[in-house]
Amino acid sequence: MNAPFWKSPILWGIIGFIIGILIGMAIGWRWADSVMSAAGTTGSNTQATSTSGSSTGTSGMTEGTGTQSTSTPGTQASSSTAEGGAAHISVNDQPAGMAATVSSVTLPAAGWVAVHELGEDGVLGNVLGAAWLPAGTHADAIVTLLRATKPDQQYAIVLYTDNGNKQFDLHADTPIAGSNGQPVTATFTATTPVAPAGQ
């Protein structure tokens, strides 16, 4: 007479294997969360997982100070600064590539630093990448991009709130507004990368 299926060693082996995978995933998730939390406090950032879409209605002028990037292709690099209440962005022109460096960012609460394409008319275009940062001031924040910036093109850095899930969502995470009600935005121009010596 055969034993009932629930007494089968194969069944218990499969159940044990599944439980082991679930425990391993839970431990891995907790470990990754603690590593990301620790990295966030030292200036590193969590990258966005959703960066498609576009936004309209915001000009390339920086909010608050009214300064704007003034360089033209082939000239010295310039910087752009924006302030809005407790939020602040400072960015310099930089070589085109798969990442953008934001010189200084101050966030009143945890949120996102996003890099947008910028149309000729100053309207924000697609988001190329976003980085999550905890509240506070951060120097040289790096935003990894899904598509490289192009030389002689202007881009906008925009600060966004985080709806609490640390997943960038252009429709759920809203731009941080300055004292004039406009998003805190700073612009930079991507320059032609300089080839290393000897190449």
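The values are calculated or read from the model by the stated rules, or taken from the named source; none is laboratory data. Please read all numbers here as calculations on a predicted model, not as lab measurements. In this analysis, Cβ positions are derived from the backbone assuming ideal geometry, glycine residues included, and neighbour counts consider all displayed protein chains.
Scanning region 139-156 for residues that are of a type in the set (A, V, I, L, M, F, W, C) and more than 12 Å from the chain's Cα centre (by Cα) gives ALA139, ALA148, ALA156. The sole residue among THR185, THR192, THR144 that is over 14 Å from GLY125 (Cβ atoms) and modelled with pLDDT under 95 is THR192.
Restricting attention to region 106-128, the residues that are at pLDDT below 95, aliphatic (A, V, I, L, M) and out of contact with any Pro (no Cβ under 8 Å at 6 or more places or on another chain) total 4. Residue check: is ALA186 surrounded by 14 or more Cβ atoms within 10 Å (Cβ to Cβ), over 14 Å from the mean Cα position of the chain (by Cα) and either within 15 Å of ALA87 (Cα to Cα) or among the charged types (D, E, K, R) (or both)? When the stated conditions are applied, ALA186 passes them.
Listed by position, the strands (runs of 3 or more DSSP E) inside region 120-199 whose residues that are aromatic (Phe, Trp, Tyr) number at least 1 are 124-133, 154-161, 185-191.
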